[in-house]
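Trainee: Below is one structure. I have some questions about it.
Readers should treat all values here as calculations from the given coordinates under stated rules, not as data from a laboratory. Quick caveat, the model's predicted, so the values are computed rather than measured. In this analysis, Cβ positions are derived from the backbone assuming ideal geometry, glycine residues included, and neighbour counts consider all displayed protein chains.
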Amino acid sequence: MESILAALITGGITLLGVLIANGKSQAVVETKVEELTREVREHNNFARRMPVVEEQIKSLSHRVTDLENQLP
């Protein structure tokens, strides 16, 4: 009877430890996922803006060329 009681207590403590550790690792995973989500959003914003910047550079390049051609 004592060995069964000891096994139940040990099993309960082990289960409690596993649940606590699992909760902490889940929190770490959620934090990492949130950070990755933020980085992906920043990258997507950058990718959306790049064509606009490229078009502006092309326009500025044409303007510089036109001004260079006007020089005596």
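Trainee: So THR37 fits all but one of (1) in a helix (DSSP H, G or I); (2) more than 19 Å from the chain's Cα centre (by Cα); what number is the exception?
Mentor: (2)
Trainee: Moving to a separate point now. Which one of these is surrounded by fewer than 10 Cβ atoms within 10 Å (Cβ to Cβ), in a helix (DSSP H, G or I) and over 26 Å from the mean Cα position of the chain (by Cα): LEU16, LEU67?
Mentor: LEU67 is the lone residue from the list that is surrounded by fewer than 10 Cβ atoms within 10 Å (Cβ to Cβ), in a helix (DSSP H, G or I) and over 26 Å from the mean Cα position of the chain (by Cα).
Trainee: Which condition number in (1) more than 18 Å from the chain's Cα centre (by Cα); (2) in a helix (DSSP H, G or I) is the one that PRO72 fails?
Mentor: (2)
Trainee: A further question follows. Kindly list the number of the only condition in (1) surrounded by fewer than 10 Cβ atoms within 10 Å (Cβ to Cβ); (2) over 31 Å from the mean Cα position of the chain (by Cα); (3) among the aliphatic types (A, V, I, L, M) that fails for LEU60.
Mentor: Looking at each condition in turn, LEU60 falls short on (1).
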